[in-house]
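Heads up, the thing below is written out as structure tokens.
The values are calculated or read from the model by the stated rules, or taken from the named source; none is laboratory data. Being a predicted model, the structure only gives us computed values, none of them experimental. All Cβ positions, glycine included, derive from the backbone under ideal geometry; neighbour counts span all protein chains shown. Heads up: the accessible areas ignore ligands, DNA and RNA and are worked out on the full protein's heavy atoms, side chains in. Shrake-Rupley method; radii C 1.70, N 1.55, O 1.52, S 1.80 Å.
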Amino acid sequence: MDEQPLPHPGMSDPTYRSRRQHIADMSIGWRPGDPIPEVEYTDEENRVWVKIATALRLAHHLYAAREFLTGAENLDLPDDRVPQLAELCRRLDRLSGFRLRPVPGIVPMRTFYGSLADLTFMSTQYVRHPAAAPDPPEPDVIHEVVGHVSLLASPAFADLHYLAGRASRRCTTEASLQFLSRVFWFTLEFGVVEQDGDLRAYGAGLASSVAELERFRSAEIRPFDISRMGTLDHDVRRFQPVLFSVPSIDWLHHELGSFFETYGTESYEDTYAPALTTSPM
Ligand SMILES: [Fe+2]
């Protein structure tokens, strides 16, 4: 049976939409070198963070990969309030050299991936609607921080983000960028790894959703395959029905890193371009 897309309760709440727009507006016009705007989060926004971050912390110990947990420990996120991007940016700079750039919402693919090559991760600052927890239909500060910034606090994952950014700069067509983006989606957003005889999540999309963490083991699990990942569609509004697993994070770092390092060179695109026109199934 086809699953219905997840609802987006915030879109029908004018007070939420106005607050979210206010936070988004704070990052418009921001330039590198400017201080990252400090958001004065409301009590309700802090309560949403505490509720979700607490649930995620528990779920991570059950379902997240060791390397993700190490990154999260390195980051040491507060559990009583929404953290400011400025404080995380300073911490991350020391841990992996990555910096954070505030953005008002989803940015074009080429801009988002390209910034990774400059060791910069673009992050929203608004908090999901209270009724949307724990399954956001789009990125918010909880997804960015608990998911991606935790990964970026781990050197191997930070390196993969950087290499993905470099690869994106070599994409000369939208099709080749789309292929790269899908590989990113099925690895750094929704990747899983075999660990201690079980499947564990390492992708930021899984690690920032309690509901995804609780159900990913019942998804169809396929072995890591660049051609299949790069040509498989996904719907961001639904739970992910197909995931790709790797035998270890060291293996992922080597294999995915090698792909990112060579993707976009003529010979490599020749290797994968035929897959763009064949059935992904
Ligand atoms: Fe993401």
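Annotations for the structure displayed:
- Residue check for A53: within 17 Å of the chain's Cα centre (by Cα), of a type outside the set (D, E, K, R) and at pLDDT 95 or above: no
- Pick from segment 251-281, criterion of a type in the set (D, E, K, R) and more than 24 Å from V192 (Cβ to Cβ), ranking: modelled with the lowest pLDDT: E269
- When segment 232-250 is filtered for residues that are modelled with pLDDT of 95 or more and β-branched (V, I, T), the ones remaining, listed by number, are V246, I249.
- Meeting the requirement of 2 or more residues that are among the polar types (S, T, N, Q) and open to solvent by 60 Å² or more (accessible area, probe 1.4 Å), the helices (runs of 4 or more DSSP H) wholly within segment 8-88 are 14-27, 66-75.
- Enumeration of residues in segment 89-101 that are closer than 15 Å to A117 by Cα and surrounded by 17 or more Cβ atoms within 10 Å (Cβ to Cβ): S96, F98, R99, L100, R101
- Residue within segment 112-131 that is aromatic (F, W, Y), free of Cβ contacts under 8 Å to residues at least 40 places away in the same chain and within 14 Å of the ligand (Cβ to nearest atom) present: yes
- Per the conditions (1) within 24 Å of P83 (Cβ to Cβ); (2) within 16 Å of the ligand (Cβ to nearest atom); (3) over 12 Å from the mean Cα position of the chain (by Cα), the sole criterion not satisfied by S209 is (3).
- Only one of R81, R99, R90, R94 that is of a type outside the set (V, I, T) and over 22 Å from Y162 (Cα atoms): R81
- Residues of segment 212-259 satisfying the condition of being more than 16 Å from the ligand (Cβ to nearest atom), surrounded by fewer than 17 Cβ atoms within 10 Å (Cβ to Cβ) and aliphatic (A, V, I, L, M): I221
- First in segment 57-83 and farther than 19 Å from G205 by Cα and free of Cβ contacts under 8 Å to residues at least 60 places away in the same chain, second anywhere and hydrophobic (A, V, I, L, M, F, W, C) and crowded, with 20+ Cβ neighbours inside 10 Å, Cβ under 7 Å, 6 or more apart: D79/A53; R81/W49
- Output for segment 187-205, where each listed residue is within 16 Å of the ligand (Cβ to nearest atom), out of contact with any strand residue (DSSP E or B) (no Cβ under 8 Å at 6 or more places or on another chain) and either in a loop (DSSP other than H, G, I, E, B) or not aliphatic (A, V, I, L, M) (or both): E189, G205
- Of all residues in segment 135-152, none satisfies being more than 16 Å from the ligand (Cβ to nearest atom) and open to solvent by less than 50 Å² (accessible area, probe 1.4 Å).
- Selection within segment 153-170: residues that are away from the ligand (no atom under 15 Å from the Cβ), within 25 Å of P102 (Cβ to Cβ) and surrounded by fewer than 23 Cβ atoms within 10 Å (Cβ to Cβ). The member of this set that is modelled with the lowest pLDDT is P155.
- Filtered by the rule that a residue be within 14 Å of the ligand (Cβ to nearest atom) and either open to solvent by 10 Å² or more (accessible area, probe 1.4 Å) or without any contact (Cβ under 8 Å) to a residue 12 or more places away in the chain (or both), segment 174-186 gives S181, R182, W185.
- Options P155, P139: the member that is in contact (Cβ under 8 Å) with a residue 24 or more places away in the chain and farther than 18 Å from S209 by Cα: P155
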